[in-house]
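First comes the structure, then the notes that go with it.
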Amino acid sequence: MSDTNAKITEEIRAKARELLSSGEIAAFLGFTSGSLPMTTRPFVAKRPGDADKLIWNSFCVMNLANYLPALLESLEPPRGPKDPPPAGPLPKVGVVATGCCSRNIVVQMQERQVDRSRLVILGVSSRGMVDRKKVMAAAEGREPLKVEEGGHTLKVSGRDYELEIDRWSAVRDNCLTCAHNNPVISDYLIGPVSNRDVKDRFAQIEAIEAMPANARWKWFTDEIASCIRCYACRNACPLCYCPTCFVDDSRPQWVGKSTEPADTALFHILRAFHCAGRCTDCGACESACPMGIKMRLFTRKLSKDAFNLFGAEAGLDPQAQPPLATYRPDDPEEFLIVEEKK
Amino acid sequence: MNILRLDINGLLDCLSSWAGGQELYGPVKDGWRRISRDGLEAVVSIPPGAPKAPIKTFFLAQPETLFTFSARHGDDDAWIPTPPKEAPNRRVLFGVRPCDARSIALNSMPYRDDPYYQARMDKTAVVGLSCNETCSTCFCKSVGGSPYGTEGLDILLTKADGGFIAEVLTSKGEGLLEKGTGTPAGDGDMARLKALRDAAQAGTSDTQALSASFKAKNLMQLYNARLWQGLSEPCLNCGACTFLCPTCYCFDIQDEVVRQAGRRIRYWDSCMFPLFTLHASGHNPRGEKIKRVRNRFMHKLKYFTERFGALSCVGCGRCIRECPVNIDIREVIRDLLSVE
C-alpha cells in the first residue's frame, strides 16, 4: 500500500471508530478489502471494532452514495407505511466520500433521497481510481495474483511474470477527465487536497460527436453488443432509485427482456437520458459492468450537453435546482421550430 | 472408450472438417464465437480458466422462441400456437473446459423433460480441453469436478508432449472423428493421463464431500443464519453473477406481439431481480435484497443438492471474477459450513 493510502486508511479507521464509539453514528459506510487483487467491497461497520476492517486504496470504485438511502432507512425504527415518522432525531450514518460520491450525495439531497443532517461525511480527495480492466489488459491475459500500489506505480505479478506500470496509465477514463477531485461537501477532510487540473474535459465525447451519423450508430451498437442485461450499471448507480425501473415494468411493457439488439439499445439510451443533468461521472456503471461496456460515454455526452446548454454541473450546490427540473426564460431553444419551413 | 493421440495438424484437420460440415464454436477472447475455417488457429491456444461468456447460451437460448402465433383476429389460425420453424443446427462446441461441460450435465437434470433444451443437446457435440493450468478463482475440485473431468463431454482433449491425447467418450464423439484420425494412444499416453489426473486430485480426498456436507446441514439453520445480513449488504442485486453463471438456469416467459405477429419467448431471469418473484397480487415473497441473495446461494448449495444430488456450482469462478462488489462464493460456502 502506498504511504498516502496507508495514512488515509488509518485516519478513516480512527474517525469511524471514534464516531461509532461516541454513539454519534449508528453505522459507518466505507470499503473493506476483497478476496482478489484489485477488488474492494462496500462495507458497513456497526461496532467500533469493525472500523479496523476499513481500507482505502485506488480500487474503491463503487459509489457509496448508492447505498445511503437504504442504509439510512434500515436504521429507522420499524413502522407501517401510514405511521408518522418518529419524533426526535434519527440515527446517523458516517460515510467516506470522494469528489464524485459527495456530488452524488448533493444530488440525493436535491432529490430528497437523503437527509444531510443524518450524514457525517468523511471527505477524501480522489487521486483517480484505477480501472482493473486496464491493468488486466497491461498484463496481456496473464492472471494478476498480486497488485501492489506504490506512489505512482502499480506492481503487478503473477505465476511467472512481474511488471510495473505507471498508475496514471491505468486510471479510469472518468477520473482522467474529472474536474472535481475534492469533496464538495464534508464534515471532516482526510488526506491531502488534490490540485489536479483537467483540460479537454469532453475530448472523449467530441471524438465520438465528430463521427458521421452511421459510424456513430455503429460505434454505439458495437459497444453494447456484448450486454447481457444484468443491470449492474443501473444498480451501481446512485441516481437509479425508482421503486420500479422502466425495464422491470410489465404492464405496460416498455422494453423487451432478452438481449435482442433493439431492446438492449433502448435500455441503454433510456438509462442514459434518465441520468441527464444528474450524472456526476463517477464511473461506477463502467466499473461494475462485467462485460467492459463503456456506457459512461453515453451519460457523459448528456453531461456535456447539460453543461454547454444550461451551464449546469450535477451535484455542486444542494440549493440548486436540477437543470431538467427547472425553467429559465433564457434557456437555449435552438431545437424549437419557430417558423414553418417553406 | 477410445483413446487417441493427435498432433496439432491432426487436430486442425478435425476442426476444419467440423467448421465445414456443421457449425463450429469456440472461445475467442471473452466470448463464444462461430469459428470459420480461416480462424482455426485462434481456438487451439486458449488462456487458462473458463471464458467469461457462459456455455449455457447454446442450450438456454436468450431468448428461446417457444412458439409463434398470429394476433390478427380475422386470421383462421389466430391465437393458435405454431411450433418454431427453425430447428437448431448441428454444431460442435470446441475448447469447452470440464467445469463448463459439467454444467451442461447438471442443467440437463432440471431440463430433463424440456423439449427445447433436449433438442439443443441432441444437436450439439461438446469437445473439451482439460486444464493443465488453472486460475486462482478456479475451484472445480471442491465442488465435485476435476480439471480433467469428462462429465458432459463427447471428447476430452488433454495437451501432452507437444500434442493432444483425445478421450472419445460417447458415440456422438465417435461420430465426430473420421476414420484414420490420429493414432491409438500408447501405454505411455495412458500413464501420462493417469498421472495428470492423479496429480490434479492430490490433496483433495473426496470431491463429493461438499455436497454431502450440505445435504447433512439443517435447512432452516442455514436459512436463518446470521451471515446473510452482512453478505447481502454490499450486493448491488444485479444479475452479473446469475447471467454469467453456467448453472443458473432460471427463466421467465413472455408474449411479444409486433405488428400482430406474436411469439412466446423464454428468456433468462435472475433471482437477484425483484420482479423474479413478484406476484400478480403485488405481494413479493422475496421483496428484500437479503432474501434474494439468500435464495441464490441456498438454491445452488442446498435446494439443488437435496433434489439432484450435486451442488449447482461447477467452480468456474466467473461470479468471483466479475462481481462488482467481490462477493466470493468460496467464502459463502466456508461460512455456511460453519453454521451450527
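Every number here is computed from the coordinates shown, using simple stated rules; none is lab data. Owing to the predicted nature of the structure, the values given are computational and were not obtained by experimental measurement. Cβ atoms come from the backbone with ideal geometry, glycine included; neighbour counts cover every protein chain shown.
If one computes P(r) from the Cα atoms of the protein assembly as shown, what percent of pairs lie at distances over 51 Å?
Numbers: 35473 of 232221 pairs.
Value for the protein assembly as shown: 15 percent of Cα pairs lie more than 51 Å apart.
Positive end of the dipole of region A:93-186 (Cβ unit charges, origin at the Cα centre): among A:MET129, A:MET109, A:ILE165, the Cα lying farthest that way belongs to A:MET109. Computed with the Debye formula from one identical point scatterer per Cα of region A:1-121, without solvent, the log10 of I(q)/I(0) at q = 0.13, 0.19 Å⁻¹ comes to -0.53, -1.05.
If each residue's Cβ is checked for other Cβ atoms within 10 Å, how do B:ILE155, A:ILE190, A:ILE208 rank with the fewest at the top?
Details: B:ILE155 28, A:ILE190 20, A:ILE208 17.
Ranking B:ILE155, A:ILE190, A:ILE208 by Cβ neighbours within 10 Å, fewest first, gives A:ILE208, A:ILE190, B:ILE155.
The Kirkwood radius of region B:210-257, taken over pairs of alpha-carbon atoms, gives through the Stokes-Einstein law at 37 °C and 0.692 mPa s a diffusion coefficient of 232 µm² s⁻¹.
Report the percentage of all Cα-Cα pairs in chain B whose separation exceeds 25 Å, rounded to a whole percent.
57
In terms of overall dimensions, the C-alpha atoms belonging to region B:67-109 reach 53, 22, 11 Å along their principal axes, ordered largest to smallest. What aspartates and glutamates does B:LYS29 reach when the alpha-carbon gap must be under 18 Å and sequence neighbours fewer than 8 apart in one chain are set aside? Counting by Cα, and skipping residues close in sequence, B:LYS29 has these aspartates and glutamates nearby: A:GLU140, A:GLU143, A:ASP222, A:GLU223, B:ASP38, B:GLU41, B:ASP100, B:GLU133, B:GLU322. Overall shape: oblate for region A:244-342, with the ratio a/c of the largest to smallest alpha carbon gyration tensor axis at 1.5 or above and b/c at least equal to a/b. Arranged from fewest to most other beta-carbon atoms within 10 Å of their beta carbon, A:LYS257, A:LYS218 become A:LYS218, A:LYS257.
Quick check on chain A: of the DSSP beta bridges with both residues there, what percent are antiparallel, nearest 5%? Working shown, then result.
Details: 18 of 29 bridges.
Expressed as a percentage, antiparallel bridges in chain A total about 60.
Peptide B:257-270 is shielded by partner chain Cβ atoms: per residue, an average of 2 of them sit within 10 Å of its Cβ.
Unpaired cysteine residues in chain A (no second Cys Cβ under 4.7 Å): A:CYS60, A:CYS101, A:CYS175, A:CYS178, A:CYS227, A:CYS230, A:CYS242, A:CYS245, A:CYS289.
Calculate how many DSSP beta bridges within chain B are antiparallel, expressed in % of all such bridges and rounded to the nearest 5.
Values: 32 of 44 bridges.
The antiparallel fraction comes to roughly 75 percent.
With only Cα atoms counted, region B:1-126 has Rg and Dmax values of 18.0, 63 Å. For the residues of B:228-240, the average number of beta carbons from a partner chain within 10 Å of their own beta carbon is 6. Centre-to-centre separation between the Cα atoms of region B:49-124 and those of region A:49-64: 43 Å.
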